[in-house]
1. Could you go through region A:2-9 and let me know if any residue there is of a type outside the set (Asp, Glu) and closer than 30 Å to B:GLY76 by Cβ.
2. Among the residues of region A:458-478, are any modelled with pLDDT under 95, over 23 Å from A:GLN404 (Cβ atoms), in a helix (DSSP H, G or I) and not hydroxyl-bearing (Ser, Thr, Tyr)?
3. Can you name every residue in region A:191-205 that is closer than 13 Å to A:THR355 by Cβ and among the basic types (Lys, Arg)?
4. Give region B:81-99 a look and list any residue that's within 24 Å of B:VAL17 (Cβ to Cβ), without any contact (Cβ under 8 Å) to a residue 60 or more places away in the chain, more than 13 Å from chain A (Cβ to nearest Cβ) and over 17 Å from the mean Cα position of the chain (by Cα), or say none.
5. For A:PHE99, which of the numbered conditions (1) part of a strand (DSSP E or B); (2) out of contact with any strand residue (DSSP E or B) (no Cβ under 8 Å at 6 or more places or on another chain) fails to hold?
6. Limited to region A:87-109, what total is found for residues that are surrounded by 12 or more Cβ atoms within 10 Å (Cβ to Cβ) and either among the hydroxyl-bearing types (Ser, Thr, Tyr) or in contact with an Asp or Glu (Cβ under 8 Å, 6 or more places away or on another chain) (or both)?
7. Can you say whether B:LEU53 is in a helix (DSSP H, G or I), on the phi < 0 side of the Ramachandran plot and modelled with pLDDT of 95 or more, as far as the supplied structure shows?
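The values are calculated or read from the model by the stated rules, or taken from the named source; none is laboratory data. It should be emphasised that the depicted structure is a prediction, and the values quoted were computed from it without experimental measurement. Cβ placement follows ideal geometry from the backbone for every residue including glycine, while neighbour counts extend to all protein chains displayed.
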Amino acid sequence: MSTTFVINLHKISRFVNVAIPVLLALSFAGGMFISFYFHFLTVLLLFLTIANLFYLNVQKGHAILRNFGLLGQGRYLLESIGPELRQYLFASDQEERPFNREERSEVYRKAKNIDSASSFGSRQNFDASEIKIRHSMFPTPRESLKPFSLTYGEERGLKTAYSIAHPIMISAMSYGSLGAHAVRSLARGAKLAGIPMNTGEGGYPKYHLMEGCDLIFQIGTAKFGVRHKDGRLDEAKLAAIAAKPEVKMIEIKFSQGAKPGKGGLLPKEKITDEIAKFRGVSKDRNLISPPFHHECDTVENTIKFVGRIQEISSLPTGFKLCLGNIVEFEALVEEMKRQSLYPDFITVDGAEGGTGAAPKSFLDGVGIPLAASLFSINDCLKRHGIRDRMKLNASGKLVSPGRQLMAFALGADAIYTARGFMLSLGCIQALQCGNNTCPAGITTHDPKLQKGLVIESRMLRIANYVRNIEHDLEELLRATGRTSFSELTEENLYIPSNVTLSDHSLRSLNGQMAS
Amino acid sequence: MNKKIIVSWVAQIAIAVILGQTLFFKFTDAPETVELFSQLGMGPFGYKLIGGLELIACVLILTRPSIIWGAILSWGLMSGAIMAHLTKIGFSGDYRALGVMAIIAWLLSCLVIYLRRKELSIVRNMFG
């Protein structure tokens, strides 16, 4: 079939390249002989002609511009606004990553206290191999539900043991990755909701402390806030932070889902004078933490280090890791038993974890996803008979109640989410977290952009989100016929045959969780 | 501070002075201005429009994020001025100084645009 009318961009651009100088000549003649006002146009065309000559003949860096000139510039223009166009106009409700519009809007609705019921069936693809929750024919009556309570450090009989009454917590986000307004909104919301907040590895948590909420202090591999100049642990500083009444627990970060096998990363665009001071570093280059704690060079030393922090802080102390290899983890467990020294909790971060700047290859390609790693770690601890010596926290894209309940069923005792709370704050997934240009004012230190984030209104969204998530979780729990999250096991899940959770067959694993 | 930045600022200030010093005459309908623009067939609307654009260029070229836009605008205005001298009013008598000033401001605008080429992709791409 022949086409009679086509848009040939090659021809159009060649035509434009000839038309501009011709128009320039005509306009110049108009200015000479008709009216001097034509020269306004002449000047504009002169600029375009010169620019076009440079594009076609002088510059050597852009092939499209060298071949097609001015119209080629349109490509760069369109490409620069492409992400916004796709997000607003063209992407379908379930297409975007990391969170599609449906997932985001569920969080927004919870944060704004709007009912999220919808009609005419699920829009998920049911042919896909997704884990689902098994409901019981005999749901639990509301009054039979056991109230949620979890006490960290009870296994060691600590005086400072810390109890939480809500199953979700704000995951690690440092001051540095977030701006001051975002940190304070989260902290004030956490206080209102009665949940703890992890400080992230950002050094002295000035803004986290400001609002009086319970804190979990995180020690990153660079030990910001508790380091000597040479990067070793400064015990006095740690003891001082642990002595603060707001600080309830200590979390040692071994690795994180966004970039397992690599240290924290703060782009230099986001390092202000204050951040440089809190972290004790210079502000003119990207801040890259080491990939591991220097003290933790062997399995033995790793467990010793956990014990040392437990001793100095006298608080419930655990560690966070993204699982890479269950064999390594098993060695760690054996060492715990040998030294009879156990962390008070382990935070399992799935590779889908996402807050924090990370090289794309690490974001996309490294680490075990949450379903498989959580199941494997839980199973490993049970096999060694030490599951009751510690609590398990789960994190990694756990923004909606469905996924959170699945994490409980796979072994979690409590849920951490960071991006769920960022979305509650008003994150629009502009994906500019590392550039200091966050349009929602969350991951930026630019006062002009932070102006949009009013702490008083945002803290309510945080509290709403917690309350509505908890409500949905309880409804889901009742549907399974169990009375508390700790009764849930993988038997409460429907796991399609092509999804393997077994720890010894990690190679054939295709762990996916439904949203 | 970077040497290029200093050179650029000196040029920016010079451009603003050259453009700015004629504004008083344009906005007060000074006889010299009326005479000059009448040779171009332009009345008060014409020279006040140009004066307004020159004022905008002065502000833009002295304000941080818009310097390159101010330089492009002043480049355009001075291109027009040079064309006026070349085609209509010439360079003799009083017009010599004005014409030379326009050429200087035009060259300085080119310099600022080049020094700050990285700030605007349309210009940046001209140089690869």
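1. Looking for residues that are of a type outside the set (Asp, Glu) and closer than 30 Å to B:GLY76 by Cβ, one finds at least one in region A:2-9, hence yes.
2. No: zero hits.
3. none
4. B:PHE91, B:GLY93
5. Checking A:PHE99 against (1) part of a strand (DSSP E or B); (2) out of contact with any strand residue (DSSP E or B) (no Cβ under 8 Å at 6 or more places or on another chain), the one that fails is (1).
6. Residues that pass the stated criteria total 10.
7. yes
Every residue, every condition in (1) under 24 Å from A:TYR152 (Cα atoms); (2) of a type outside the set (Phe, Trp, Tyr); (3) without any contact (Cβ under 8 Å) to a residue 24 or more places away in the chain, yes or no:
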{"position": "A:LYS259", "(1), (2), (3)": "no, yes, no"}
{"position": "A:PRO267", "(1), (2), (3)": "no, yes, no"}
{"position": "A:PHE319", "(1), (2), (3)": "yes, no, no"}
{"position": "A:LEU323", "(1), (2), (3)": "yes, yes, no"}
{"position": "A:VAL333", "(1), (2), (3)": "yes, yes, no"}
